[in-house]
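The structure appears right after this line, and notes come after that.
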Amino acid sequence: MSAEPTWAIALHGGAGVEPTRDYSPAVRHLDELVRDMADRLKAGASALDTVEEAVAAMEASGLYVAGRGSAPSTSGVVELDASIMDGARRKAGAVAAAPQLMHPVRVARDVMETTAHVLLAGEGALAFAQAHGHPLVKDPSAYYVLPPGVDAEDLTPDLAAAGRQHGTVGAVALDTQGRLAAATSTGGLFGKLAGRVGDTPLIGSGTWADETVAVSCTGTGEYFILAGGAQDVASRMRYLAVPVQAAVDGLIADVGHLGGDGGVIAVNRAGEVAFGCNTPGMKRAAAGSGFAPFASL
Ligand code: ASP
């Protein structure tokens, strides 16, 4: 009898939690979602489809600062960032500062599959989504909600205060055929300037997947960009020959040295999952062929 093929998935719903706030709806959601995604992977789903589905479910839930739970920039418009990367084909797609997208990650996937480009921004991303039949938010005031655990006082233009907690969502997966993929989606930082783009839609900063590792980041994106971000985890593994957890810890240390905060999830081709954050907690979940599913803060 052959052994169960190796697979694994990890999710995050943002780094940084405030001790006085209730994140149990998000943790329950992550717990259910990771089990659902585990069943799909066990049944042979691709890592790429799985990370897209996981992130789309988080975007639709209104429980995180992504998709439905996003808040407007200082212009009063919700501007969304998302990216997805297929490690096996080394292909990626992304959207940045894009208004009205109901499922930014699905539009990012479509950019990857149907264009010669990696990143579409702003009105161009919206026009692409429209032309390709993606659902759009018609009435922002009826659609967007404040996620549980986020208060109106968080919607501050103060970048330092905005760094107290993050609600970006991300997924990384290894499928039974050994393929790795990663996806990340966000409404960005609270109180961000109109047109501001963080790490999330930048391939190599917020998201990375190759034949060795898949990575998704959350935190004050400016620092992840300046520290090299998700691709730095892959480089550490490749050039320093360190385990995935040490590579994640190295990136988080660099972000911290620069003054940034946040968290990282990663999975390698052996199905080992790594988490790291320099914030008090990170909403997260994981499941794999080698360990029991869990969800925690
Ligand atoms: N990294 C995201 C950004 O800078 C924010 C977050 O993770 O909450 O846009």
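Bear in mind that the values in this text are calculations on the coordinates, not laboratory data. These figures come from a predicted structure and were not determined experimentally. Don't worry about glycine lacking a Cβ; one is built from the backbone with ideal geometry, like all the others, and counts go over all protein chains shown.
Tell me the label-point distance for the pair Ala127, Ala60, using the 7 Å Cα-to-Cβ offset, in nm and rounded to one decimal.
In this crude label model, Ala127 to Ala60 measures out at 2.9 nm.
Identify which of Ala127, Ala171, Ala54 has the largest mean-square fluctuation in a Gaussian network model of the chain, with springs joining Cα atoms closer than 10 Å.
Ala127
Can you give the net charge of the other residues whose Cβ lies under 12 Å from the Cβ of Ser205, counting K and R as +1 and D and E as -1?
Taking every other residue near Ser205 into account, the sum is -4.
Fewest Cβ neighbours within 10 Å first, please rank His257, His117 accordingly. Before the final figure, lay out the partial values.
Working: His257 10, His117 13.
If I rank by nearby Cβ atoms, fewest first, I get His257, His117.
How many Lys pairs in the chain lie less than 26 angstrom apart by Cα atoms, where the lysines are 8 or more positions apart or on different chains?
4
Quick one: putting +1 on the C-beta of Lys and Arg, -1 on the C-beta of Asp and Glu, what dipole do you get for the chain around its Cα centre, in Debye to the nearest 20?
For the chain, the charge dipole is close to 360 debye.
Can you sort Ser73, Ser83, Ser296 by how many other beta carbons sit within 10 Å, fewest first?
Ser296, Ser73, Ser83
Can you compute the FRET efficiency between Phe291 and Ala194 using 1/(1 + (r/R0)^6), with r the Cβ-Cβ distance and R0 = 41 Å? Round to the nearest 0.05.
0.40
Say a site is exposed when it is one of the trypsin sites (Lys or Arg not before Pro), sits in a DSSP loop, and has at most 15 other Cβ atoms within 10 Å; what is then the longest site-free stretch of the chain?
139-297
Provide the gained length on full extension for the span Ser141 to Gln245, in nm with one decimal, where the gain is 0.36 nm per separating residue minus the Cα-Cα distance.
That works out to 33.3 nm of additional length.
Between Ala253 and Glu211, what length comes free when the chain is fully extended (0.36 nm per residue of separation minus the Cα-Cα distance, one decimal in nm)? Write out the running numbers ahead of the final one.
Values: separation 42, 0.36 × 42 = 15.12 nm, distance 2.44 nm.
This chain segment gains 12.7 nm when fully extended.
Quick one: helix 244-258 against the long Cα principal axis of the chain, what's the angle to the nearest 10°, folded into 0 to 90?
30 degrees
Amide H neighbours of Met282 under 5 Å, at least 5 residues apart or on other chains, H built in the peptide plane: list them.
The list, which skips near neighbours in sequence, is Gly16.
Using 0.36 nm per residue, how much length does the chain from Glu4 to Lys42 gain when fully extended, once their Cα-Cα distance is taken away?
Numbers: separation 38, 0.36 × 38 = 13.68 nm, distance 0.89 nm.
Stretched out fully, the Glu4 to Lys42 stretch lengthens by 12.8 nm.
Report, in whole Å, the centroid distance computed from the Cα atoms of the range 1-77 and the range 227-252.
23 Å
Size of the dipole of the range 27-159 about the Cα centre, Lys and Arg at +1 and Asp and Glu at -1 on the beta carbon, nothing else charged, in debye to 20?
On the way: 11 positive and 19 negative charges, 106 e Å.
Roughly 520 debye for the range 27-159.
When Lys and Arg each count +1 and Asp and Glu each count -1, what net charge do the other residues less than 14 Å away from Ala129, Cβ to Cβ, add up to?
For residues surrounding Ala129, the net value is -3.
Let me test this: with uniform point scatterers at the alpha carbons of the chain, what is the Debye-based log₁₀ I(q)/I(0) at q = 0.16 1/Å?
Per q value, in the given order, log10 I(q)/I(0) is -1.20.
Rounded to the nearest 500, what is the 222 nm mean residue ellipticity of the chain from helices alone, with -39500 (n - 2.57) per DSSP H run of 4+ residues and division by all residues?
-9500 deg cm²/dmol
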